[in-house]
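Each reported figure results from applying straightforward, stated rules to the coordinates on display, with no laboratory input. Computed from a predicted model, the values in this text were never measured in an experiment. Every residue, glycine as well, gets a Cβ built from its backbone with ideal geometry; the counts of neighbours run over all protein chains shown.
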Amino acid sequence: GNSVTQMEGPVTLSEEAFLTINCTYTATGYPSLFWYVQYPGEGLQLLLKATKADDKGSNKGFEATYRKETTSFHLEKGSVQVSDSAVYFCALTPLTGGFKTIFGAGTRLFVKA
Amino acid sequence: DAGVTQSPTHLIKTRGQQVTLRCSPKSGHDTVSWYQQALGQGPQFIFQYYEEEERQRGNFPDRFSGHQFPNYSSELNVNALLLGDSALYLCASSFRIAGDNEQFFGPGTRLTVL
């Protein structure tokens, strides 16, 4: 079946450090891939997406590349800020068998000043 | 432009009771999906409504049911509540049903079952 696995948190970084949050997936065919962010007390917001192999999604300094050969969609940012502290979810929507979006368990990021 | 709104914000029920949660989609959206997010977990897909019909369903029992109205708003009903139903319930809206469509999420309803 379809599934998403992302690195366990929490991840604690100092401001301006480099961020990588790993995400791998299992799916039939070519799903669409997403990163969502959830700030405390809020709903999820789409951070970026990629819909086909080798696509790079980017937004607010974050980026992730759809790697079909490694079934991965790792999230990266070159220099994190305190305001980036949140929970990050990797997700996929398969294009067959119904558009049921599947989320990973989430990775909590703490950024210290 | 109002985004996705949900009501109520918080709810406390006891085991065996029934609950109804409500969602209004973002303006221009016609598809509503519901998710259950247990503490410390990612959202789990419950079901999706489009054109007032349930189009997709996740692995949830029949105690979970829903409805979509002609104005695209939606309700989630849960009968015979169990302690394990305690969670944040998220509503998401999108335009049409497509695999690459962005979903806009509401702030959620926090349900506590005692």
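With 10 angstrom as the radius, rank A:Tyr25, A:Tyr88 by how many other C-beta atoms surround their C-beta, starting from the fewest.
Details: A:Tyr25 21, A:Tyr88 25.
Sorted ascending by nearby Cβ count, the order is A:Tyr25, A:Tyr88.
Can you give the average number of partner chain beta-carbon atoms within 10 Å of each beta-carbon in peptide A:27-38, as a whole number?
On the way: counts 0, 0, 1, 1, 2, 5, 1, 3, 0, 6, 0, 7.
Rounded to a whole number, the mean comes out at 2.
Would you mind ranking B:Val78, A:Val82 so that the residue whose beta carbon has the fewest other beta carbons within 10 Å leads the list?
Ascending number of Cβ neighbours within 10 Å: A:Val82, B:Val78.
May I ask you to sort A:Tyr36, B:Tyr50, A:Tyr30, B:Tyr72 by Cβ crowding, counting other Cβ atoms within 10 Å and putting the fewest first? List each step's numbers first, then the result.
Details: A:Tyr36 27, B:Tyr50 18, A:Tyr30 15, B:Tyr72 21.
Neighbour counts put them in this order, fewest first: A:Tyr30, B:Tyr50, B:Tyr72, A:Tyr36.
At q = 0.13, 0.14, 0.18 Å⁻¹, what base-10 log of I(q)/I(0) does the Debye formula yield for chain A when every alpha carbon is treated as an equal point scatterer in vacuo?
So the normalised log intensities are -0.45, -0.52, -0.84.
Quick check on packing: order A:6-16, A:59-69 by the mean number of other C-beta atoms within 10 Å, highest mean leading. Walk me through the numbers before you get to the answer.
On the way: A:6-16: 14.2, A:59-69: 15.9.
Order by mean packing, descending: A:59-69, A:6-16.
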